[in-house]
Amino acid sequence: MTQEIITEIIGKYEPDQSSLIAVLQDVQEHFGYLPKDALTDVSKELDVPLSRVLSLATFYSAFSLQPKGKHPVHVCMGTACHVRGAQPVLEAFERELGIKDGETSEDLEFSLDTVRCVGCCGLAPVVMVGEDVHGKISQSKVSRVTKKYKK
Amino acid sequence: MEKANEKAYRLHLMVCAGTACVSNNSFGIKDALEKEINKQGLEDEVLVVTTGCNGFCERGPLLVVQPGNVFYQQLEEKDIPHLVEEHFLKGRPVKKLMYKPPKEKSPIPILSDINFFKKQVLIALRNRGLIDPEKIDEYIARDGYSALAKALTEMEPKQIINEVKDSGLRGRGGGGFPTGLKWEFVSKSSTNGQERYIVCNGDEGDPGAFMDRSILEADPHAVIEGMIIGAKAIGASKGFVYVRNEYPLAVSRLIKALEQARGYGLLGKDILGSGFDFDIKIVRGAGAFVCGEETALMASIEGRLGEPRPRPPYPAEKGLWDNPTCINNVETWANVPVIINRSADWYSNIGTKTSKGTKVFSLVGKINNTGLVEVPMGITLREIIEDIGGGIPDGKKFKAVQTGGPSGGCIPAKNIDLPIDYESLTEVGSMMGSGGMVVMDEDTCMVDVAKYFISFTQNESCGKCTPCREGTKAMYEILDRITKGEGKEEDIDLLEDLAKSIKDSALCGLGNTAPNPVLTTLKYFKDEYEIHIKEKKCPAHVCRELNTYTIDEKTCLDVGHGCDLCRKNCSANAISGETKTAHQVIQEKCIKCGVCYDVCRFDAVKVK
Ligand SMILES: Cc1cc2nc3c(=O)[nH]c(=O)nc-3n(C[C@H](O)[C@H](O)[C@H](O)COP(=O)(O)O)c2cc1C
Ligand code: SF4
Ligand code: SF4
Ligand code: FES
C-alpha cells in the first residue's frame, strides 16, 4: 500500500537525489507525516542512503516523523503577532489542549505547532486551524476557537 | 486569442483575494456580488474580478470599482444587495461602505486620495489590485512582456546589463548588492562548457515580512519576465524559483503562470522567435530560515541539507552544481521589466544618492494601517508611520520601529525623521533587510523583543558553526533570565561581549547579524534592561513573570458588581469570590497568565 503510493509520487520526478525534498514533501502531504516504512521505500527507490533521508527529514521543519492531529493548530509567532501578544495565546492553547508546542493529543484530534508570519499581520495575532484563519485572537478567545473543532 | 471576443463591460469590480482578505471572507463577498448582479440582470455590464493583495489589509475585505477607482472596505455579505442596487444599478456610490480615516468625519471615495495610497510609488507592485494574476492576458494588457520583447529583439546582453547597472538597482533580498554588477560577474565567469543558472530567491525568511509572497501571488508574470530578461543578459538556459514552504498559493499561481507563458512562446525553445532558449522550474522550500541564504538555498535545490558554506567562491563563479549562478530576490526581479521599459534614467531619478528606486515594506505591529507599502527610497520614517500608516492605535506612544527582521535592529522614536535607504539604516545599527517594518509602542518591551529575535535565530541556526550555535544559545539564556527577574548586573556586559564575538566569527550572515536586535536595544533602551535587572520589573508589563495581578475590590464590587468573569476564566483557580461580591487573586496559586486582566470589562484587575 505505502509502497505503491511512494512509487507513484517518485514517478512524478526525476529519479535522483535532487528530487528527494520534493518527494518527501509529497509523502508528508499524503500521510500528514513521514511514516518509517515510507522513508525506507524512498531511500530504496531513489538509491539514497536511509541516513541521508533521515537527516533531511529532521533538518527541515516542514517534515514531521510523528503523525499530526486531525485539526492541526498553528499559532503564528511572526514578529507582528509577537508584538501583539502571540506568546500568551500559544500558552493558552497549551493549557486548553493539554499538549505542548510540537505535540499531538493522544486521541489524535489536535496537534499544536508554531509558524512564522502567515501573511495576515493585519489580523495579528493569528491562529490557523487546518486551513481556517482565525484573526485577532486573545487568550480569552482560545476556548471558543477550539470548541468549534471538538467532537 | 480569446481577447478579441471578450465582452466590453461597463464596470469591473476588483475584489481583493490576498491572504488577509480571503481570511476575512472575500470569496463570500465575491459570490454575493455575482449573485446579486445576476439578480439585477447586470451580468453583461458588470464583471467581478479577483485580484492579488491590494496592500490595505487592515481594512479587508476590499473592493475597488473600475473605472473610477472607487474604494469600498470592510464589506459584509449583507451590504452587497444595497451596494449593487445603489451603485452599480442606479449609479449612486454608497458612502457608508467607504473608508473614513480615524479622526475625520467624511469618507474618502477614491482610492488614490487615501493617505495610505497617496505617498506610495508602485513599481514592483505596479499591477497590484489591477489584474487577475491567473490571466496572462491581463498582465500583457498592462505592458507585460513588452520589456522582454525589447530585450530579446532590440538589445545585446551587454546593453541589458548596462541598463540595469545604470539604473542603480540593488538587491532587495537584504544585502543590497548592485544587481547589474552581479549580472556582469556571472556573465563573465567561465563555464567550462557548462550551463549558467538563474535563481529567484522566494524563501522570504523574515518572520515579519510578506512582500515576496504578495508579489508572487498578485503578479507572478512580473517575476518571470524579469528572470527571462536576466537569463538573456547573462546567458542562462535554466532558472529556478525557490518558494517558501508555507506559500502554497504562490506555488499554484506560479505553476499556472509558467504554463501560460510557455503556451505563448515566452518560455521554452526559441522565445519570441529570437533563437533564445530558457525555462523555469519551481522548487519548494522545506521550512528552514537559513535556506534564504544563497549558498544554503542552492544546497537545498540540489537536494542536500540546507547548510551555508563559506564564500568565496561566490555563486556567480560556483553556484548550482558548481556552475555560475545568478541569484536575486523576488522583488529585485519584479523591478527589472520596468527598468528595461522605462529606462535606467527614469528609474534612477527615484530615490537617494546611493539607493535608487522604491522599496516594499510590510508595515505591521502597533500601527493603524497594517499592510504592504511601496515607497521611494529616501522617504522618512515619519511619513511611513504617520501619513501612510495612520499613526499608532489607541492613542499610544510610538516607541521604536524594527527593520531588517532577525538581522536588523530597533530604531528609536527620536530617529523618526530618518530618511530611509540602505546606508542610513545601517548607520543607526539596523538594516534594510527584506523590508519588514514592525512598529512598536509603549506597551512593547524591548528586552522581550531582543529575546524574541535571538530565540528565532537560535532555533534557526543550522548548527554548522559553533559561535552561531552556542553563542546565540548563551545570549538567549541571559535574556531569558533577565525577563524572569533573575538577571545580574554583569549580564549587560556579557551580552555585549558575546554579541561581538558572534558577529566576528560566525560563518554566514545568519550568525553575523544575529546579535543586531540585542545590540540596538542595548544601545537605545539600556534603561529597560536595567529596570528588569535591578528592580525586577517589566515597565511594559510584557514579561509576565515579573507582573503581579491584583483586583481592586472597590471597582470590582461598585462598578463590576462582582461579575465573576475573571474567576470563571482563571484556569489556575486562583481567584476567590462569587457573583456580587468583591474578588481577590490568591497570589500563591496565580500562574500570571493575565487572562483575568484581559477579560475584566471594568478595569478592576490591575497589573504591577
Ligand atoms: C540568514 C540569511 C537569510 C536570508 N534570507 C533571504 C531571503 O529570505 N530572501 C532573499 O531574497 N534573500 C535572503 N538572503 C540574502 C541572500 O543570501 C542573497 O543575498 C539574495 O537572495 C540575493 O538577491 P538580491 O541581490 O536580489 O537581494 C538571506 C541571507 C542570509 C545571510
Ligand atoms: S471580572 Fe472584573 S469586575 Fe468581574 S469579578 Fe472579576 S474583577 Fe470583578
Ligand atoms: S493571572 Fe491568570 S492565573 Fe493569575 S489570577 Fe489572573 S487568570 Fe488566574
Ligand atoms: S506575523 Fe503573524 S501573520 Fe504576520
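A cut-off under 13 angstrom between Cβ atoms defines the neighbours of B:Gln74, and their net charge, with Lys, Arg +1 and Asp, Glu -1, is 0. Take B:His221: with every protein chain present and a 1.4 Å probe, its accessible area is about 0 Å². The value given for the stretch B:290-408 is a Kirkwood hydrodynamic radius of 17.4 Å, derived from the mean inverse Cα-Cα separation. At a threshold of 10 Å², the residues of the stretch B:22-65 that become less accessible to a 1.4 Å probe in the full protein assembly than in their chain on its own are B:Ser23, B:Asn24, B:Cys57, B:Glu58. Residue-wise HN-Hα couplings along the stretch B:124-129, as the Karplus relation 6.51 cos²θ - 1.76 cosθ + 1.60 with θ = phi - 60° gives them from phi, are 5, 9, 4, 9, 5, x Hz; Gly and Pro carry x. With a Förster radius of 60 Å applied to the beta-carbon distance between B:Ser274 and A:Leu65, the computed FRET efficiency rounds to 0.75. Its Cα gyration tensor gives the stretch B:446-535 an equivalent ellipsoid. The semi-axes, each the square root of 5 times an eigenvalue, are 22, 12, 11 Å from largest down.
Once Rg and the Kirkwood radius are both taken over the C-alpha atoms of chain B, their ratio Rg/Rh works out to 1.01. Note on chain B: antiparallel DSSP beta bridges, both residues inside, total approximately 55 percent of the bridges counted.
How much of the DSSP beta bridge set in the stretch A:71-147 is antiparallel, as a percent to the nearest 5? Bridges in the stretch A:71-147 that DSSP calls antiparallel: roughly 55 percent.
Compared with its chain on its own, the stretch B:353-373 contains the following residues whose accessible area drops by 20 Å² or more in the full protein assembly (probe 1.4 Å; ligands, DNA and RNA excluded): B:Val364, B:Gly365, B:Lys366, B:Thr370. Extension gain, B:Asp322-B:Lys568: 0.36 nm per intervening residue step, less the Cα-Cα distance, totals 82.2 nm.
Name the long-range amide H neighbours of B:Cys410: under 5 Å, sequence gap of 5 or more, or other chain; modelled H, no Pro or chain starts. So B:Cys410 has HN proximity to B:Thr520, B:Thr521. Taking the alpha carbon gyration tensor of the stretch A:1-139, multiplying each eigenvalue by 5 and rooting it gives semi-axes of 33, 16, 12 Å, largest first.
With an a/c value of 1.5 or above and a/b larger than b/c for the gyration tensor axes a ≥ b ≥ c computed over the alpha-carbon atoms, the stretch A:71-147 is described as prolate.
A cut-off under 14 angstrom between Cβ atoms defines the neighbours of B:Gln402, and their net charge, with Lys, Arg +1 and Asp, Glu -1, is +2. Near B:Asp279, once Lys and Arg are set to +1 and Asp and Glu to -1 for all other residues with Cβ below 10 Å from its Cβ, the sum equals +3. Extents of the protein assembly as shown, taken as max minus min of Cα coordinates on every principal axis and listed largest first, are 84, 69, 62 Å. Full extension of the chain between A:Lys44 and A:Lys141 yields a length gain of 30.1 nm, computed as 0.36 nm times the residue separation minus the alpha carbon distance. The mean accessible area for residues of the stretch B:547-607, using a 1.4 Å probe and ignoring ligands and nucleic acids, is 56 Å² per residue. Working from the Cα coordinates of the stretch B:358-441, the gyration tensor eigenvalues give, after taking √(5λ), semi-axes of 18, 13, 12 Å in decreasing order.
Between chain A and chain B, roughly 3600 Å² of accessible surface gets buried, counting both sides and using a 1.4 Å probe. Compute the Cα gyration tensor for the stretch B:136-347, then decide on rounded, prolate or oblate, letting a ≥ b ≥ c be the square roots of its eigenvalues: rounded whenever a/c is under 1.5, prolate when a/b is larger than b/c in the other cases, and oblate in all that remain. Rounded. Here the stretch B:380-438 and the stretch B:566-589 have alpha carbon centers that stand 42 Å from each other. Looking at the protein assembly as shown alone, DSSP beta bridges between its own residues are antiparallel in about 55 percent of cases. For the stretch A:2-59, the alpha carbon positions stretch 23, 23, 16 Å along the principal axes, listed from largest to smallest.
Put a plus charge on the Cβ of each Lys and Arg, a minus charge on the Cβ of each Asp and Glu, and nothing anywhere else: the dipole of the stretch A:2-59 about its Cα centre is then about 240 debye.
Using a cutoff of 8 angstrom between alpha carbon atoms and counting only pairs six or more residues apart, the relative contact order for the stretch B:310-437 works out to 19 percent. Here B:Ala474 and A:Thr58 are evaluated by their C-beta separation; at R0 = 30 Å the FRET efficiency comes out at 0.80. Amide H contacts of B:Ile280 (H built 1.01 Å from N, in plane; Pro and chain starts excluded): B:Gly239 sit under 5 Å, all sequence-distant by 5 or more or on other chains.
Measuring between their Cα centroids, the stretch B:482-542 and the stretch A:1-69 lie 41 Å from each other. Cross-link check: pairs B:Lys399/B:Lys503; A:Lys100/B:Lys397; B:Lys182/B:Lys359; B:Lys96/B:Lys366; A:Lys148/B:Lys30; B:Lys526/B:Lys608 evaluated at a Cα-Cα cut-off of 28 Å; pairs beyond the cut-off: A:Lys100/B:Lys397. Taking the 1.4 Å solvent-accessible surface of the protein assembly as shown as the whole, the part contributed by carbon and sulfur is 49%. For chain A, the relative contact order comes to 20 percent (Cα pairs under 8 Å, sequence separation of at least 6).
The orientation-averaged projection of the convex hull spanning the C-alpha atoms of the stretch B:524-608 amounts to 5.8 square nanometres. Over chain B, what is the relative contact order in whole percent, taking alpha-carbon pairs under 8 Å and six or more residues apart? Relative contact order for chain B comes out at 11 percent. How many nm is it between the label spots at A:Tyr149 and A:Glu4, if each spot is 7 Å from the Cα in line with the beta carbon? A separation of 3.1 nm, rounded to one decimal place.
The values are calculated or read from the model by the stated rules, or taken from the named source; none is laboratory data. It should be emphasised that the depicted structure is a prediction, and the values quoted were computed from it without experimental measurement. FYI the Cβ positions are ideal-geometry reconstructions off the backbone, even for glycines, and counts take in every protein chain you see. In case anyone asks, the SASA skips ligands and DNA or RNA and just uses the protein heavy atoms, side chains included. Shrake-Rupley method; radii C 1.70, N 1.55, O 1.52, S 1.80 Å.
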